[in-house]
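The values are calculated or read from the model by the stated rules, or taken from the named source; none is laboratory data. Fair warning: this is a prediction, and the values are worked out from it, not measured in the lab. Here the Cβ positions follow ideal geometry from the backbone for every residue, glycine too, while neighbour counts run over all protein chains shown.
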Amino acid sequence: MAQLLDTTSRHRKNINLSKEIKKFDFKNKSADYMTLLGIAISISIIVSVVLLGGNAHSFFDLRSALIVFGGTITITMISFSWNDFRRTGKVIWRTFTNEYQIPRNVATQMVILAEFGRANGLISLEKFLDDYVDKSFMKKGLGLVIDGTPPKELDELLTSQIEAMEYRHWKSTELVKKAADAAPAMGLIGTLIGLVQMLSNLNDPSQIGPSMAIAILTTLYGALLGNMFLNPLGIKLERNSRDELLIMKIKLLGLLSISKQENPRKLEHLMNTVLSPPQRINYFK
């Protein structure tokens with residue numbers, strides 16, 4: 001009788017767990033608009049200062065823009081391949097419309113999923129495969145778990161995928177950092193060009209002003225492009241990569257625990273070792 005009551009209780013709990021998994025949707029993400037907001041505020045500040053000066057036209061020079069922007073692009077092109085450029089463009093676009101998963105939620109989802117799989121068997125997890133985007137890390141990993149892939153092999157396969165992702169993100173970050181370094185350098189080159197032109201035309205006062213404008217504006221353009229836009233963007237890419245790496249590590253820990261049919265309470269403790277104190281979970285109260 002006790003066993004029957006225990007089985008019934010677990011069956012009811014399993015139904016609730018299924019609802020919990022649906023409630024904690026793995027596709028539930030939060031948008032990050034800070035990149036767009038930061039760029040908008042930066043441009044607003046620069047434009048406001050220029051307009052308040054009363055002579056906005058003097059801050060625009062096509063030759064200076066060609067030296068800085070064109071030079072920055074060509075230097076970066078020399079340093080990287082076309083595929084790197086194409087991939088980085090997609091990564092940068094994601095920073096403007098980035099949706100990020102909350103580590104605490106993902107960890108909770110993995111614990112619930114582990115509890116459901118341990119109570120009902122690994123094959124029961126198959127009905128949750130359609131909840132994941134095609135070819136996603138989680139869909140691939142959960143499919144391998146359901147297929148009965150040994151934990152060691154599962155760890156090797158998923159770790160290889162994580163390392164490949166980390167390498168791709170590193171290349172994209174390096175490309176943006178290289179551009180951030182190149183922009184001020186091109187500004188300095190433009191300054192030297194302007195000084196040479198100015199010194200070559202000292203006998204013609206009408207040429208001194210335009211040459212000095214190139215010298216000063218290229219320095220300004222290079223400093224703005226490198227320090228106000230590209231360098232912060234590189235830092236953002238690094239942060240996003242670390243955040244995604246943490247999410248994938250949480251998922252890997254969960255998938256390995258599910259594969260081994262470990263106690264979900266143990267998985268909860270394991271999750272809390274990689275989560276920061278504010279993000280730690282307390283599912284089994």
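Overview of values
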quantity: Members of segment 77-87 found to be part of a helix (DSSP H, G or I) and either hydrophobic (A, V, I, L, M, F, W, C) or out of contact with any Asp or Glu (no Cβ under 9 Å at 6 or more places or on another chain) (or both), listed by number; calculated: Met77, Ile78, Trp82, Asn83, Phe85, Arg86, Arg87
quantity: Criterion violated by His269 - all others in (1) of a type outside the set (Lys, Arg); (2) out of contact with any Ser or Thr (no Cβ under 8 Å at 6 or more places or on another chain); (3) part of a loop (DSSP other than H, G, I, E, B) satisfied; calculated: (3)
quantity: Only listed residue being in a helix (DSSP H, G or I), touching a residue at least 24 places away in the same chain (Cβ under 8 Å) and more than 20 Å from the chain's Cα centre (by Cα), chosen from Leu246, Leu255; calculated: Leu255
quantity: Search result, residues across segment 190-230 that are surrounded by fewer than 17 Cβ atoms within 10 Å (Cβ to Cβ) and either under 25 Å from Thr35 (Cα atoms) or touching a residue at least 24 places away in the same chain (Cβ under 8 Å) (or both); calculated: Ala223, Asn227
quantity: Selection count, segment 15-74, where residues are hydroxyl-bearing (Ser, Thr, Tyr) and at pLDDT 85 or above; calculated: 6
quantity: Residues located in segment 107-124, provided they are free of Cβ contacts under 8 Å to residues at least 12 places away in the same chain and in contact with a Gly (Cβ under 8 Å, 6 or more places away or on another chain); calculated: Ser124
quantity: Considering residues of segment 140-198 that are of a type in the set (S, T, N, Q) and more than 30 Å from Phe128 (Cα to Cα) only, the residue farthest from the chain's Cα centre (by Cα); calculated: Gln197
quantity: Top-ranked residue of segment 75-116 - restricted to ones that are hydroxyl-bearing (Ser, Thr, Tyr) and buried (at least 16 other Cβ atoms within 10 Å of the Cβ), ranked as modelled with the highest pLDDT; calculated: Thr76
quantity: Set Gly143, Gly148: member being surrounded by fewer than 15 Cβ atoms within 10 Å (Cβ to Cβ) and either part of a helix (DSSP H, G or I) or acidic (Asp, Glu) (or both); calculated: Gly143
